Structures are given as C-alpha cells and as structure tokens.
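The values are calculated or read from the model by the stated rules, or taken from the named source; none is laboratory data. It should be emphasised that the depicted structure is a prediction, and the values quoted were computed from it without experimental measurement. Here Cβ is always computed from backbone atoms with ideal geometry, including for glycine, and neighbour counts include all displayed protein chains.
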Amino acid sequence: MPDIGVYHPVIVHFAIALLIMGVVFRWLSLSGRAAWSGPAAATLLLVGALAAVVAVQSGLNAHGPVERIPGARQAVMDHEEAGKWARNVFLIVALLELAALIARRRYLNVARGALWGSALAGIFGVAAIVKAADRGGDLVYSYAGGVGIRSGDTADVTRLYLAGLYQAAQSARAQNDSTRAAALFGELQRQFPNDTSVRLLAIESLLRDRRDGRAALAALSRIHVPVTDRRLRVRVEFLKADAFVAVGKPDSARATLQRLAQDFPDLQARIDARINQIK
C-alpha cells in the first residue's frame, strides 16, 4: 500500500463516523421499526471496517516523524495499539455482517444470530474507537504529534514553532514568572519580526512583564495602522492607553480612549469601562 500517512486525520474521521453510525443503525434494525436501517447498517459497517483498515495503515505510515519527537514514542505506541484493537473488533463485526448476508435466505436463525452478534460486538467496537480517539487526542494535543509536521511543509513547522513559543510565554505568565514570559515574548518577536500580531504581543509584554511603559509607547509609534483595519486600530489604542497609564499620564490615556469612542461609538460601553478603571 502506498504511503498515505499525510491523509491519516481525514481517513480516521471518516472511519469513525461510518462505524458509529453503522452500530446505531444495526441496533435500530433489530427493533424492527425501520426496514431501511438493516441494509444501511450493513453498508456502513462493511465500508467502515475497510476504512478502519486504511486508517490503521495510514497511521503506521505517519508515525515515523511523530515517534522521533522526544518523549512521544510511548504515546504513539499507545495510540497505534488502540487503533489496531478497534480495527480488529470491526473486522469481526464485518465478518458477522457478511455471515448474516450469506445466511439470510436459507438460514434465517443463523442470520439473525449473526446480526445480534454484530450489534453486541459493535458496542465493544465503539468503546475501542473512543479509547483510540482519546489516545490520539493525547498524542496530538499533549505531545504535538503531527501538529505542524504532517505535511512536511516548512511553513507548517514555522507555525508550530510560533505556537510553541506563544504557549510557553503564556504559561510562564500564568505562573507569575514575568522574567521568563518577557524573554519568551522577546524571542517570539525576534523570530517573527514582521508579524504585526507578534509585535503587539511583544508590546503587551513590555507593559505586563517588564513594566516599561516608555518602551511600549516607542514601539507603538512604529506600528502602521491601515485606516480600514478597525480591529488593529482598537488593539493599538487600548495598548497605548495602558502605556500612558504606566508612565503616569492618565489624562493622555483618557484622551486616547475618548478619541477612539468618537470613531467607534458602538464600542462606547467597553471604552467607558476602561476609562473608569484609570485612576
């Protein structure tokens, strides 16, 4: 089979949807209330089992770069084992569905028993899917497995690096480690000097982490705000007001916010709340 690792997230979500709906329809069919649900269940479960096989293979193709991330190997192995277990359960379900299709004309009781077996095994299969999905979530969100590296595009890796620096800086700030937060936001700006959102984060860090209002005002003066960019204008003016407060110029802060309110009257309540916080 060709290397289809890059498609793993797409394939696995199709497999999950097909199999869960197949199990639901199989139980519905056993109630005898919806004749259409039996053929629908068989189709979904058979196609879903095939999708599960492809999903596992795509995961095996994708695991190499992820497994090489320091500390991620065990998480990769846990996810793989859970995925294989879910696939195997639904292969059994698929065999029972095929047995029911073959036996339905001459051995009605055998066919019905196979359908009940499929329904019961499907419950275990859904539980196995949940476990595999949970392990996959751990791999992606706790170990950054595949995030930024799935496509091999250097731009994706760069975005991963940006996100890592940002989250590390926010975490340091949440832990009241202002020195480390300031250093990380500074590094973020050094690595991405042309990103306006990064520049604003660095200015915010000057205010919150370094308590340097003068440096923040100087940096804000170098930010070009297009007339049509309302969101950027509001962000810059609020930061400017905070910087004026930091350097002991509350009147300038109020004047800045009042001008902003004149330009954007729909933000009056938000701006008034900020003005009221200025001592």
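For this structure, a couple of remarks:
- The test for being in the same structural domain as F124 (by TED's automatic domain parsing) and in contact with a Leu (Cβ under 9 Å, 6 or more places away or on another chain) does not hold for V56.
- Filter result for V126 (more than 16 Å from A41 (Cα to Cα) and not charged (D, E, K, R)): no
- Tabulated pairs, region 91-118, first assigned by TED's automatic domain parsing to the domain that holds L50, second of a type in the set (V, I, T) and surrounded by 15 or more Cβ atoms within 10 Å (Cβ to Cβ), C-beta under 9 angstrom, 6+ apart or interchain: L91/V53; V93/V23; G117/I92; G117/V93; S118/V23; S118/I92; S118/V93
- Restricting region 97-147 to residues that are of a type in the set (K, R) and assigned to a loop (DSSP other than H, G, I, E, B) leaves a set whose member that is farthest from F14 (Cα to Cα) is R106.
- Test for D153: is it within 27 Å of the chain's Cα centre (by Cα), surrounded by fewer than 18 Cβ atoms within 10 Å (Cβ to Cβ), charged (D, E, K, R) and assigned by TED's automatic domain parsing to the domain that holds I11: no
- Exactly one residue among I16, I11 is modelled with pLDDT of 95 or more, in contact with a helix residue (DSSP H, G or I) (Cβ under 8 Å, 6 or more places away or on another chain) and assigned by TED's automatic domain parsing to the domain that holds S118, and that residue is I16.
- Single residue of L201, L188 found to be in a helix (DSSP H, G or I) and either assigned by TED's automatic domain parsing to the domain that holds V245 or within 25 Å of P70 (Cβ to Cβ) (or both): L188
- Which listed residue is modelled with pLDDT of 95 or more and surrounded by fewer than 17 Cβ atoms within 10 Å (Cβ to Cβ), from A169, A273, A218: A218
- Test result for A243, free of Cβ contacts under 8 Å to residues at least 24 places away in the same chain, assigned by TED's automatic domain parsing to the domain that holds R270 and touching a helix residue (DSSP H, G or I) at 6+ places or on another chain (Cβ under 9 Å): no
- Among the residues of region 58-70, none qualifies, meaning not one is polar (S, T, N, Q) and loosely packed, with under 15 Cβ neighbours inside 10 Å.
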